[in-house]
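Only one structure is covered here, and it is reproduced in the block below.
The values are calculated or read from the model by the stated rules, or taken from the named source; none is laboratory data. These figures come from a predicted structure and were not determined experimentally. Cβ: placed from backbone, ideal geometry, glycine included. Neighbour counts: every protein chain shown. Ligands, DNA and RNA are stripped out before the accessible areas are found, and what is left, the full protein with its side chains, is counted by its heavy atoms. Shrake-Rupley method; radii C 1.70, N 1.55, O 1.52, S 1.80 Å.
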Amino acid sequence: MHTIEVVLAMLVAVVASGYLVRVLPLSLPLPLVQIGLGAVIAGVFNRGHALEPEMFFLLFLPPLLFLDGWRIPKQGLFRDKGVILELALGLVVFTVVGAGFLIHWMIPVMPLAVAFALAAIISPTDPVAVGSIASRAPIPKRLMHILEGESLLNDASGLVCFRFAVAAVMTGSFSLATASLTFLWVALAGLAIGVAVTLGVSTFQRWLWRRFGEEPGAALLVNLLIPFAAYLLAEEANASGILAAVAAGITMSYVELTGRVSGSMRVQRAAVWGMLQFSFNGIMFVLLGEQLPGIVDRAITTVSESGHHSAWWLLVYVVVINLTLIVLRLAWVWVSLRWSVLRARHRGEVRQGTSWRIVVATSVAGVRGAITLAGVLTLPLFLPDGSAFPARDLVIFLAAAVILFSLVAASVALPRLLKGLELPADSGERKAEDLARRLASKAALAGVERMRQQLVQNQTTENVQLYNDAASRVSLLYQRNLEKDDGPDADPEKVRRMEEGYRQLRGAGLTAEREELFRLTRRGTISDEVSRRLIRNLDLLETRQRG
């Protein structure tokens, strides 16, 4: 019963955070509000829940990473794959080495292997936190795609480095050759298992649909279970369950392109995944906040381990470590950009320079999140000889503080760094969208005409006229996309105003339709079943209109 109460309390906190982030005068990112609520629950009401890292990794990470991999723009992911891999792999190793040596120098009582473990677990960025910060800052689309791709892939590299560092502490030895081979297996096997699970489940599901028909409820449940299957199989094979979940999501986006899933199922699935994403993201950060009071208490009592007796030294450590992370990231990003420019010039390409504000924003946007805390909590309590794990509580506190500091720094600095920044207009995406609409409208008109010809065969004159009228009404919906004047001589501002006016008028009509249907239902003129069906159609039209 206690577990049920804890889950309900967390869900209530998540719901409250969604409203508080709109009510509070300060423009705070949603994760910070949720962390604050978690800290209040644990510190004030003494209702905190101890986080179990294994349960956390299994329950929350697979579906969220699967969904991020599913929804991330694939064109941008593969277009910038070089930059993303440099950040997800190279920057992680660079951070582990640079920050690890600095932490060991600053806190000599912390063994070098433990310092490397701390540097490794604070090196991955968090896709959930990055997305939340981005919703409040005008981050350019391409930069956002790079940050999302980096945060999806660097979790595995950071956790693998963390695992090796902890193993070095426990055994007292480290082999670079063994670590490199293990990393290749962990990464490649994890990716392969994720792809195989999605393809295998999707193929089997399509076979079932052909033989026995489509069952939306079962199909939706299978879709929810895919990331857990990929994660568990990868972990069983000593591979990266995180990369398996990401690969499964990316593969699912390609499976979707076959168009074999009905529209109604897509609508249902989108609603379920949206609710699940909001709930799980919120619970993750509420859980993180609930751990903070206990972490701070234990860190204050163990600060003497670092050779100091004042708790204020904890603040010094936090500031120095976070500034080091930003500087290391800034140096890596700057060198990476310069290297990209040199390679482009070598190929004879002309590439525009990148604003210094974009470079600094990329460095500040390296936000840490719940994966860092869950990973650091897996530190063993004791060494094989029975002695306590060195500076364990201090390591956990510093990791949690890095999460909070990076969230606050990004939420404060990014809007100011990017404010008023003139970014080149992405006309290519607009042109591609217009072309897709025109081609889709032509295909729709052709499909309407084919169906009209089939329907009028062997029909009476009256039925032929009815079908012709219906076809004309449907065709008018698609003629607008073909008759719009969006040529080079069109006034962009005029086109924008016209489209905005169309959306407002269409929205007003849909609202009036919906209100009339509600009124008819209240009066008993139409049944609830008819009302729900018609209102759902209007909701879908409104959603499409806003998109």
Residues with amide H under 5 Å from that of residue 60, placed H, sequence gap 5 or more: none
Length-normalised contact order for segment 153-305 - Cα pairs under 8 Å, 6+ apart - percent: 26
In sequence order, calculated HN-Hα J values of segment 248-257 (Karplus, 6.51, -1.76, 1.60; Hz; x Gly/Pro): 4, x, 4, 5, 4, 5, 7, 4, 4, 5
Projected label distance in nm at residue 254 and residue 8, using a 7 Å step from Cα toward the beta-carbon: 4.6
Estimated FRET transfer efficiency (residue 19, residue 170; beta-carbon r; R0 41 Å; 0.05): 0.35
Pair residue 268, residue 539: separation of 7 Å Cα→Cβ label points (nm): 1.4
Table column - 3J(HN,Hα) (Hz), segment 219-233, Karplus curve with 6.51, -1.76, 1.60, x for Gly and Pro: 5, 5, 5, 4, 4, 6, 7, 4, x, 5, 5, 5, 5, 5, 5
Cα lying deepest toward the dipole's positive end in segment 94-227, options 110, 193, 167, charges on Cβ: 193
Rough spin-label spacing in nm, given labels placed 7 Å along Cα→Cβ, for residue 182 and residue 439: 4.8
Burial order of peptide ranges 84-91, 143-150, 215-222, 30-37 (average beta-carbon count within 10 Å, highest first): 30-37, 143-150, 84-91, 215-222
Under the Karplus curve 6.51 cos²θ - 1.76 cosθ + 1.60, θ = phi - 60°, whole-Hz ³J(HN,Hα) for segment 408-416, x wherever Gly or Pro sits: 5, 4, 5, 5, 8, 7, 4, x, 6
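Go through 17-24, 228-235, 102-109 and give me the packing order, highest mean Cβ count within 10 Å leading. List each step's numbers first, then the result.
Working: 17-24: 13.9, 228-235: 22.1, 102-109: 16.9.
Going by the mean number of other Cβ atoms within 10 Å, highest first, we get 228-235, 102-109, 17-24.
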Accessible area in the full protein assembly, largest first, 1.4 Å probe, for 290, 256: 256, 290
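Residue 105 to residue 330: FRET efficiency via 1/(1 + (r/R0)^6), r the Cβ-Cβ distance, R0 25 Å, to the nearest 0.05?
Details: r = 20 Å, r/R0 = 0.81.
Computed FRET efficiency for residue 105 and residue 330 comes out at 0.80.
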